[in-house]
Amino acid sequence: MRNIFIKGALAISLLVMTMSASAQTLIRHSYKSNGYTYIGTERTFVKAGSSDKHPFYEKLEYVVFPDGETTAFILELDYEQETNINFPKEVQMRATAPDGKMLSFKQYAGTSTDKHQFTSEDGKKVYWNVAKYMLEEDDVKKLIGGVKNLEVTYSWSPDGFYSYSYSNDEFAKALKEQYDIIKAQPAVKDETEILVAEYSDNFGSKTVISTGLMVEGKSANMKVSMSYLYYKGTNKEDYDLTLIVSGGREFHIPYESELEFTMEDGQKILLKQERDSQNVAFLFPTLDQAKAFAFGKVKSVKIPLEDGFVIQEWENNEFGKAVNTIYNSLQMVSVL
């Protein structure tokens, strides 16, 4: 596992083929827990032009209830602000369509008791202020049809609201892309196994370590595990991937040698061995690379050794399925 105080940008990992803005990059998680299905997106930055003084990150989550018929969408607006704000329950978000029709939704999230300042990308000390709204699918469809004006209330005072005018439909376009990605995801049939072995809430970080899953193969067997790291000082996160390799021989994977993963579509992902280790590969994938494994199909991996290499192929995406289970298990306790 990497030093938790070092930013992920210092970890050397190479994505050979550039990934497009696809489901793998925008989707955040897709799992079932206690009968409820949760499919969520990453956050999208939404700004109403250069004069917007209160832009936000927006993300969407789709929830299917245990009866398999009742559904809801959770729309979240995340503000990074120098002032600590707790959006009161019942304050409203109002959206005006191009034809003048208005939709309103009540904020339902409770007061956060776990807030801390962090350093934003522009060097400011800010808080993460969150508003959440529960929508029906028809509401989402109306919003993605176009939003000309948006009003987000953050307090009960007469002037306690932010007002936005979207000349290029920035809000509706971001929401539509997320909605389309969610609806394109396959149904989650089975409960997602909880594979959390260790959870540490430290002064400057949170670390979650998974238990391992065994992936068997003809050339090599692998016990796959992951670690999730959240940095409180920057509101960023990293993932570590560990492969314990076993078989009919010793597997000395040299330090800084590259493991080559080939996806079903021919894309190749190269990840460097981060330690000089016997039978264990310590890898630092980017978030997009981790999600490529979790939501894509991994055809094979070429493992470099001191005296050559070994290639392990999978016919039924056994490696990708294992990473998917582990990754989604970590998402149940992730921060962002």
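The values are calculated or read from the model by the stated rules, or taken from the named source; none is laboratory data. These figures come from a predicted structure and were not determined experimentally. Cβ placement follows ideal geometry from the backbone for every residue including glycine, while neighbour counts extend to all protein chains displayed. Just so you know, the surface numbers come from the protein's heavy atoms only, side chains and all, with ligands and any DNA or RNA stripped out. Shrake-Rupley method; radii C 1.70, N 1.55, O 1.52, S 1.80 Å.
Could you list, ordered by first residue, the pairs with Cβ atoms under 6 Å in which the first is in region 317-330 and more than 15 Å from Met222 (Cα to Cα) and assigned to a helix (DSSP H, G or I) and the second is open to solvent by less than 10 Å² (accessible area, probe 1.4 Å) and β-branched (Val, Ile, Thr), at least 6 apart or interchain?
Qualifying pairs under 6 Å: Leu330/Val208.
Take the residues of region 297-327 that are open to solvent by less than 20 Å² (accessible area, probe 1.4 Å) and under 21 Å from Ile194 (Cα atoms): which is nearest to the chain's Cα centre (by Cα)?
Tyr327
Which one of these does Glu136 not meet: (1) touching a residue at least 24 places away in the same chain (Cβ under 8 Å); (2) open to solvent by less than 60 Å² (accessible area, probe 1.4 Å)?
That leaves (2) as the condition not met.
Within region 303-311, identify whether any single residue is touching a helix residue (DSSP H, G or I) at 6+ places or on another chain (Cβ under 8 Å) and in contact (Cβ under 8 Å) with a residue 12 or more places away in the chain, and answer yes or no.
Within region 303-311, the subset touching a helix residue (DSSP H, G or I) at 6+ places or on another chain (Cβ under 8 Å) is none.
Looking for residues that are touching a helix residue (DSSP H, G or I) at 6+ places or on another chain (Cβ under 8 Å) and in contact (Cβ under 8 Å) with a residue 12 or more places away in the chain, one finds none in region 303-311, hence no.
Inside region 36-59, can you point out the residues that are assigned to a loop (DSSP other than H, G, I, E, B) and hydroxyl-bearing (Ser, Thr, Tyr)? Explain how you work it out, then say what you get.
Here is the first cut: in region 36-59, the ones assigned to a loop (DSSP other than H, G, I, E, B) are 42-43, 47-55.
Answer for region 36-59, where residues must be assigned to a loop (DSSP other than H, G, I, E, B) and hydroxyl-bearing (Ser, Thr, Tyr): Ser50, Ser51.
I'd like to verify a number: residues in region 60-87 that are out of contact with any helix residue (DSSP H, G or I) (no Cβ under 7 Å at 6 or more places or on another chain) and part of a strand (DSSP E or B), how many?
Residues of region 60-87 out of contact with any helix residue (DSSP H, G or I) (no Cβ under 7 Å at 6 or more places or on another chain): 61, 63-70, 72, 74-87.
Right, trim to part of a strand (DSSP E or B) and you get 61, 63-64, 72, 74-81.
The total comes to 12.
Just give me the residues in region 215-259 being among the hydrophobic types (A, V, I, L, M, F, W, C), within 19 Å of Leu195 (Cα to Cα) and either open to solvent by less than 40 Å² (accessible area, probe 1.4 Å) or without any contact (Cβ under 8 Å) to a residue 24 or more places away in the chain (or both), in sequence order. Quick ask: steps written out before the conclusion?
First pass over region 215-259, keeping only residues among the hydrophobic types (A, V, I, L, M, F, W, C): 215, 220, 222, 224, 226, 229, 241, 243-245, 251, 253, 259.
Adding the requirement that they be within 19 Å of Leu195 (Cα to Cα) leaves 215, 222, 224, 226, 229, 241, 243-244.
Hits for region 215-259 are Val215, Met222, Val224, Met226, Leu229, Leu241, Leu243.
Exactly one condition in (1) open to solvent by less than 20 Å² (accessible area, probe 1.4 Å); (2) of a type outside the set (D, E, K, R); (3) in a helix (DSSP H, G or I) is not met by Gly146; state its number.
(3)
Can you find, within region 164-203, the residue that is farthest from Val333 (Cα to Cα) among those that are hydroxyl-bearing (Ser, Thr, Tyr) and loosely packed, with under 12 Cβ neighbours inside 10 Å? Before the answer, list the steps.
If we filter region 164-203 for residues that are hydroxyl-bearing (Ser, Thr, Tyr), which is where we start, we get 164-167, 179, 192, 199-200.
So of that shortlist, the ones also loosely packed, with under 12 Cβ neighbours inside 10 Å come out as 167, 199-200.
Working: Ser167: 38, Tyr199: 9, Ser200: 11 Å.
My answer is Ser167.
Are any residues in region 193-223 more than 30 Å from Phe251 (Cβ to Cβ) and touching a Phe, Trp or Tyr at 6+ places or on another chain (Cβ under 7 Å), and if so, which ones?
Within region 193-223, Gly204, Ser205, Lys206 meet the criteria.
Can you tell me how many residues within region 77-121 are among the aromatic types (Phe, Trp, Tyr) and open to solvent by 30 Å² or more (accessible area, probe 1.4 Å)? I'd like the intermediate steps shown before the answer.
Initially, region 77-121 is screened for residues among the aromatic types (Phe, Trp, Tyr), giving 79, 87, 105, 108, 118.
Filter once more, keeping what is open to solvent by 30 Å² or more (accessible area, probe 1.4 Å): 108.
The number of residues fulfilling the criteria is 1.
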